[in-house]
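Readers should treat all values here as calculations from the given coordinates under stated rules, not as data from a laboratory. Quick caveat: nothing in here was measured; it's all calculated off a predicted structure. Note that each Cβ is placed from the backbone with ideal geometry, even for glycine, and that neighbours are counted across all protein chains shown.
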């Protein structure tokens with residue numbers, strides 16, 4: 001019983017706070033043959049996150065795009081794509097790093113504000129939905145950004161589930177792509 005209560009408390013969404021993570025103007029658009037979602041990430045790190053960075057902890061960020069088959073009044077999960085980043089502070093060189101895990105691209109910034117500005121820049125997020133698939137059936141496309149607490153070091157994972165300062169996540173933003181709608185979602 002106690003475990004169930006803890007689990008419910010840990011999974012409740014964060015209340016509106018000054019530190020949060022949101023998507024900036026998420027817009028679906030077709031790029032060549034694939035549907036992409038163009039968006040930036042607005043992130044205000046909490047004091048607990050900044051303290052963890054100062055102590056050498058890499059802070060993982062995950063942008064998830066989800067494509068679901070749409071059947072009349074419900075959607076079934078088809079695929080999701082995770083775009084992962086990691087933010088680190090390097091005290092010896094006094095700079096912050098933003099690493100894109102999949103490509104291995106690493107950018108360094110002398111201040112946290114510059115790193116946050118880099119995240120705000122609009123970029124295209126892959127969904128994996130092609131024009132030929134959109135021509136055949138209805139689809140639901142969604143995107144979300146969050147601190148990926150499951151990728152933190154093992155000793156931190158349990159305590160951060162109960163800490164509001166580690167609950168940065170945007171709501172899901174979604175669009176319906178109707179069958180044959182290959183110009184604009």
FRET efficiency for residue 48 and residue 126 from the Cβ-Cβ distance with R0 = 45 Å, rounded to 0.05, comes out at 0.90
Within the stretch 159-178, find all residues whose amide N lies under 14 Å from a label point positioned 7 Å from the Cα of residue 137 along Cα-to-beta-carbon.
177-178
Please label the shape of the stretch 109-171 as rounded, prolate or oblate, based on the square roots a ≥ b ≥ c of the eigenvalues of the alpha-carbon gyration tensor (a/c under 1.5 means rounded; beyond that, a/b larger than b/c means prolate, else oblate).
oblate
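If you stretched the chain out fully between residue 106 and residue 178, how much longer would it get, using 0.36 nm times the residue separation minus the C-alpha to C-alpha distance?
Details: separation 72, 0.36 × 72 = 25.92 nm, distance 3.79 nm.
Going from the current span to full extension adds 22.1 nm.
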Take every Cα-Cα pair in the stretch 2-177 and report what % of them are more than 30 Å apart.
24 percent
Estimated FRET transfer efficiency (residue 24, residue 146; beta-carbon r; R0 22 Å; 0.05):
0.90
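For the stretch 2-177, what's the relative contact order in percent, using C-alpha pairs closer than 8 Å and at least 6 residues apart? Provide the component values of the computation, followed by the final result.
On the way: 357 pairs, mean separation 50.9, N = 176.
Relative contact order comes out at 29 percent.
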